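Derivation of every value follows stated rules applied to the coordinates shown; laboratory data play no part. Since the structure is predicted, the reported quantities are computational estimates derived from the model, not experimental observations. Here the Cβ positions follow ideal geometry from the backbone for every residue, glycine too, while neighbour counts run over all protein chains shown.
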Amino acid sequence: MIEERPSILFDSAFLSKLERLQLIARRIAAGRDRAERRSRRTGSSLEFADHRNYARGDDLRAIDWNIYGRLERLFIKLFEEEEDLPVHILVDGSASMQWQPPRADKTHWKKFDYARRLAAALAYIGLSNLDRLELHFFAGQLEHGMGLARGKKNFQRVLNYLGNPPAQSTMTTDLRVSLQTFQRKARRRGLVCILSDFLDPSGWEEPLARLNAARFDIELIQIVDPAESDPSQLGDLRLTDSESGEEMEVTVDEKVVAAYREAFAAFVARLEGFCRRHGHGWMQANTAEPFEDLILLMLREGGLVR
Amino acid sequence: MNFLFPIGFAFLALIPVVTALYLLKVRRRPVAVPSLLLWQQVLAQKKRRSLFQKLRQWLSLLLHLLILTLIILALTRPVPAGRAAGEGAATVLVIDDRARMQAVDAGGRRFDQVVTAALPAALEANLGQEVAILTTAGQPQVVQPFSQDRLEVRDALERLSPKDAGGDLEAAIRLASELVSGREGGGRVVVFSDQPAPENWDENNWRRIGAAGLDNLAITEFAARSTPNSPGTAEVLVEIANFSDESRSGNLELQLENRLLEVRPFDLAPGETTRLIFPALDARRKYANSRGWLTASLDTEDGLATDDTAYAVLPKVQPIRVLLTGQNNLFLERALRSEPNIQLDLLADPSIDVAREFDVVIFAGETPADWPWLEADMPSTLVLGAVPPMLADQDERIEQPLITSQDRTHPISWLIDFERLAVAESIAMNLENTPGWSWSLVVDAARTPLLVAGERIASGERLVVAGFDPIKTDLPLRVAFPLLISNSVRWLAGREQPLETFTATAGQPVRLATGESVLPEAVQEFRPVLESSRETWQTGTFIPMDTGFYQTRQEGETGWLAVSLADPELSDLRQPMAAESESAAAAVGVDPVVKPNWDGWLLQSPLPLWSWLALVAALLFTAEWWWFHRRRTE
């Protein structure tokens with residue numbers, strides 16, 4: 001059980017939802033293998049894998065004495081190595097994720113907060129499945145991560161990390177630098193969940209393509225604010241980029257809004273298309289929707305949790 | 001095109017201001033967005049339409065300048081030049097506001113119908129038409145000079161009210177025609193009356209209101225006068241006419257101030273006129289504040305209420321101040337005191353200055369030698385039993401003179417028979433040496449006149465001389481004695497004629513006496529205390545326009561002038577008034593209409609040109625506002 005609340009972001013209601021999610025996740029995963037993954041490598045588990053000839057230096061405890069009695073030759077029993085799944089959750093902490101539409105009410109979630117709650121939920125499920133979990137924030141570059149964690153006992157660390165994100169060195173999104181750094185740091189390939197709005201002026205395709213080439217299993221969760229996908233403000237506006245501070249004067253009428261919607265839909269379609277082409281998962285998370293619905297959807301469709 | 005408010009063009013200075021505001025950069029609303037990434041893509045597409053954007057801005061500026069120009073033009077109140085100075089530029093509305101127009105028929109009060117019918121003509125004032133208004137009651141009066149201000153003309157029209165007076169429609173039309181002919185470009189005269197249009201007049205220029213005849217009862221005469229033989233009483237004459245085709249009956253009520261004196265029923269055949277006489281009304285004003293207001297009113301309902309009430313003033317009988325000289329004139333004194341209208345004073349030997357303060361001086365039995373006998377400043381004098389020195393005929397006395405004749409026409413001998421008078425003795429009189437005097441031998445006898453009445457021809461001094469002493473006759477024992485004294489005193493005081501009060505007819509000029517002034521405000525209801533809003537007293541000739549009582553003032557003394565309608569022609573609502581419109585048309589010539597040469601739709605339009613301009617500006621403004629919100633203009 002989760003005992004304490006590190007911040008208002010993860011209140012008791014949120015934590016109780018996570019508990020419920022875990023039960024649901026177990027039910028869905030019933031009949032399949034346990035959460036622990038068997039790797040191709042032999043190891044020290046109880047599951048027999050094979051025999052091989054004894055070589056000097058092998059552990060004498062692994063000699064199969066039954067075969068030696070029948071064949072008088074020394075064989076070593078090989079057991080399957082039980083391997084945990086490395087899960088990397090990368091949360092975009094750039095200024096665009098911190099953006100909130102004007103006159104937003106108290107129930108409106110910032111994309112960043114929504115992403116953090118989503119990340120916590122995913123981490124909880126991962127830890128419950130005894131996966132090796134790594135958390136990172138990124139913006140202009142990859143920030144210092146939480147460190148490896150395994151088992152539910154580490155969930156408090158997760159909450160602490162997500163609730164108190166490290167100070168960002170820069171608030172401008174740069175997927176290329178951030179993912180390159182991640183690739184260098186990641187010791188084992190595994191599942192990479194990237195929670196971001198992917199509004200990178202320098203482009204998201206090239207960094208993701210590199211990650212794909214490095215044989216990472218990629219899951220993109222695009223965080224979208226409703227006001228971002230469907231702007232409602234009309235008139236003579238001076239738009240300010242929340243990341244760069246760049247300004248642009250534009251007169252917004254219904255036609256311009258329609259053109260913007262089209263541009264946004266095309267942007268989403270490109271992102272989704274990329275994922276489908278390369279066999280990766282993609283989901284769009286709307287901050288207006290309850291995050292647990294999104295998690296359930298992920299679990300049911302099996303795209304993210306296996 | 002003429003402009004009634006050209007100062008409005010000063011607002012054209014706003015055009016550069018509007019343009020400058022347009023050239024200034026639009027203050028845009030700052031809005032933070034997550035990223036400009038997508039907006040830049042959209043803007044890149046939008047730039048392809050930048051030329052159209054600029055055109056839209058210019059279109060918006062053009063629209064605003066057009067709206068501003070239209071508003072300024074409306075402000076200057078433009079009128080078509082043809083209407084302002086050309087033909088048909090002037091219209092004179094002749095409004096019949098005579099008493100007849102107070103008649104009420106099915107459409108309401110006729111005058112109200114006149115105003116309603118005349119109001120559309122006032123609208124033409126804003127179309128460059130110059131409109132003037134003339135009324136007919138009393139004398140033709142220009143109540144609104146030529147004006148192009150619709151509001152001014154309309155207000156003048158709405159301020160009008162019907163008068164209680166008659167008037168001359170013909171004179172009004174003639175005056176209107178002269179006004180129009182004096183205008184450059186001519187014009188037209190539009191008459192609003194209950195009289196029929198003459199044959200040669202355009203019906204559009206003669207609006208007849210109340211063509212249907214109405215039944216009416218009217219008081220056509222109302223007069224009061226003091227009774228000749230009794231100044232303390234008065235008699236009243238009321239004439240009632242039935243101007244209808246049916247018999248009418250009712251009651252006539254006679255009121256003195258707030259007191260009902262008498263109610264007299266009447267029954268009149270169609271078209272009949274009757275006279276009611278109220279004799280021997282107590283003419284003495286019993287109250288200190290009495291003004292002698294007499295009101296006669298009919299209790300019937302008919303077409304015109306104004307002539308159902310008439311006003312008159314009871315004659316105010318002034319006492320005659322009489323000075324009796326001498327002593328032991330008991331019979332004479334009693335006879336004088338029995339006359340209520342005589343104010344008697346006794347003085348044994350008055351000086352001439354004291355005597356001049358009296359209306360009549362009586363000498364009995366003796367005559368003072370220092371009296372200005374037969375001179376120009378002699379007071380009116382009655383001499384009994386004596387003869388002034390210049391009339392005495394050698395102090396001869398005639399014993400038992402034989403009366404030969406009596407002048408019964410002379411006021412002194414009114415109701416007296418002197419033929420059987422027994423006179424013991426009389427002083428002989430000789431009237432030959434009295435140049436400048438006219439004598440009447442009231443009672444003549446053989447050898448000498450007994451009673452003479454003389455009047456100085458040049459200055460009107462009067463003298464009555466009885467050569468016999470009435471005490472030494474049988475006269476004091478007869479009724480004739482007080483009559484002789486009363487007749488003589490009244491004749492000497494100039495009161496031989498009964499007092500008759502003057503009742504004026506509304507609309508007719510009243511020539512006021514020298515020093516007399518009138519407060520031109522009619523009062524109809526008697527109130528003990530009068531409060532007048534006017535302090536302007538009028539002198540000279542005064543034309544009362546309303547019936548009622550008008551206060552007059554002369555030498556500090558207050559009087560009252562009664563004014564009634566009393567015009568049978570005005571009261572007869574069954575038919576037009578003696579074809580006066582025909583005579584007016586004949587006098588004017590033909591219908592003085594000059595057809596306007598500018599018969600555009602604006603003439604028929606209920607709105608002036610500036611209103612149309614303002615309307616277009618409002619429509620453009622609405623369109624611009626709609627386009628702005630549709631982002632058609634920015």
Checklist entry - Just how large is the dipole of region A:66-188 about the Cα centre, in debye to the nearest 20, putting +1 at every Lys and Arg Cβ and -1 at every Asp and Glu Cβ? => result 160
Checklist entry - How big is region B:266-358 by the Kirkwood estimate over distinct Cα pairs, in Å? => result 18.0
Item to check | Radius of gyration and Dmax over the Cα atoms of region B:326-391, both given in Å | outcome: 11.9, 34
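I need the trypsin sites (Lys or Arg not before Pro) found in region B:511-566, filtered to DSSP loop residues with at most 14 other beta carbons within 10 Å of theirs.
Working: sites: B:Arg511, B:Arg534, B:Arg553; in loops: B:Arg534.
Qualifying residues, ordered by number: B:Arg534.
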Next on the checklist: Give me the one-decimal nm value for the distance between modelled label points at B:Glu357 and B:Val18, 7 Å along each residue's Cα-to-Cβ direction.
Outcome noted: 8.8
Checklist outcome for this item: Going residue by residue through region B:433-447, the Karplus relation 6.51 cos²θ - 1.76 cosθ + 1.60 with θ = phi - 60° gives ³J(HN,Hα) values, rounded to whole Hz and with x marking Gly or Pro, of 8, 10, x, x, 10, 10, 10, 10, 8, 5, 10, 10, 9, 5, 6
Item to check | Cα-based reach from A:Lys77 at 17 Å (exclusive), listing aspartates and glutamates while leaving out same-chain residues under 8 positions away | outcome: A:Glu47, A:Asp50, A:Asp58, A:Asp59, A:Asp64
Checklist entry - Can you give the angle from 0 to 90° between the axis of helix B:609-629 and the longest principal axis of chain B, with both taken from C-alpha atoms, to the nearest 10? => result 30
Item to check | Convex hull projection area averaged over all views, region B:406-490, Cα basis, nm² | outcome: 5.5
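Taking only pairs that are 8 or more places apart or on different chains, how many Lys pairs in chain B have Cα atoms under 20 angstrom apart?
Values: B:Lys25/B:Lys46; B:Lys25/B:Lys47; B:Lys25/B:Lys54; B:Lys46/B:Lys54; B:Lys286/B:Lys316.
For chain B, the number of qualifying lysine pairs is 5.
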Item to check | Top positive-direction residue, dipole computed over chain B with Cβ charges, set B:Met101, B:Gly385, B:Pro568 | outcome: B:Met101
Checklist entry - Which value, in debye to the nearest 20, gives the size of the charge dipole of chain B about its Cα centre, when Lys and Arg are +1 and Asp and Glu are -1 at the Cβ? => result 6460
Checklist outcome for this item: FRET efficiency for A:Arg238 and B:Arg159 from the Cβ-Cβ distance with R0 = 51 Å, rounded to 0.05, comes out at 0.25
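Note the direction-averaged projected area, equal to a quarter of the hull surface, for the Cα convex hull of chain B, in nm². Kindly include the intermediate steps, with their values, before the conclusion.
Numbers: hull surface 187.7 nm².
With the hull built on Cα positions only, its mean projection is 46.9 nm².
Using DSSP to define loop residues, name the trypsin sites (Lys or Arg not before Pro) in region A:164-267 whose beta-carbon has at most 14 other beta-carbon atoms within 10 Å. Numbers along the way, then the final one.
On the way: sites: A:Arg176, A:Arg184, A:Lys185, A:Arg187, A:Arg188, A:Arg189, A:Arg210, A:Arg215, A:Arg238, A:Lys255, A:Arg261; in loops: A:Arg187, A:Arg188, A:Arg189, A:Arg215.
Sites meeting the loop and neighbour criteria: A:Arg187, A:Arg188, A:Arg189, A:Arg215.
Which whole number gives the average, over all residues in A:237-249, of C-beta atoms from other chains lying within 10 Å of the residue C-beta? Before the final figure, lay out the partial values.
Numbers: counts 6, 7, 11, 5, 8, 5, 5, 2, 1, 3, 3, 5, 4.
For peptide A:237-249, the averaged partner shielding equals 5.
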Checklist outcome for this item: Applied in sequence order to region B:304-312, the curve 6.51 cos²θ - 1.76 cosθ + 1.60 (Karplus, θ = phi - 60°) yields integer Hz couplings, x standing for Gly and Pro, of 10, 8, 4, 8, 7, 10, 10, 10, 8
Next on the checklist: Can you report the principal axis dimensions of region A:134-198 using only the alpha carbons, biggest first, rounded to whole angstrom?
Outcome noted: 33, 26, 19
Item to check | Amide H contacts under 5 Å for B:Ala132, placed H, 5+ residues apart | outcome: B:Thr91, B:Val92, B:Leu93, B:Ser147
